[in-house]
Amino acid sequence: MQEAQSVLRDLGSVLGLTFVNQLDNQRVGSEPFIQLLVDTRARLRESKQYAQADQIRSELLELGVELEDTAHGTDWRFR
């Protein structure tokens, strides 16, 4: 898991994103990246690629991000 987190931090830094250790209970800078994943998931669902969309949901949940699908789109929040 730490290797995956390290890769995520490296990739995020290319986009100018920063991630803070969850133990600090802060998620500064991760919101744009999470929204990008949520938007990607929505496009996958529209094209009926449900397995990939579900994988994004599962991986976000592992990172402490809950998704809620509504009539107006998908809302998300940190657990």
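Key figures
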{"read-out": "Enumeration of residues in the range 44-78 that are in a strand (DSSP E or B) and closer than 17 Å to Ala4 by Cβ", "value": "Val65"}
{"read-out": "Enumeration of residues in the range 4-27 that are surrounded by 13 or more Cβ atoms within 10 Å (Cβ to Cβ), at pLDDT 70 or above and hydrophobic (A, V, I, L, M, F, W, C)", "value": "Leu8, Leu17"}
{"read-out": "Selection count where residues are of a type in the set (Lys, Arg) and buried (at least 17 other Cβ atoms within 10 Å of the Cβ), scope the range 28-45", "value": "2"}
{"read-out": "Whichever residue in the range 46-79 is among the hydrophobic types (A, V, I, L, M, F, W, C) and exposed (fewer than 12 other Cβ atoms within 10 Å of the Cβ) and, among such residues, is farthest from Gly16 (Cα to Cα)", "value": "Ala71"}
{"read-out": "Residue list for the range 28-60, filter: in contact (Cβ under 8 Å) with a residue 24 or more places away in the chain and basic (Lys, Arg)", "value": "Arg41"}
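The values are calculated or read from the model by the stated rules, or taken from the named source; none is laboratory data. Everything numeric here is computed off the predicted structure, so don't read it as measured data. Note: ideal-geometry Cβ built from the backbone for every residue, glycine included; neighbour counts use all protein chains shown.
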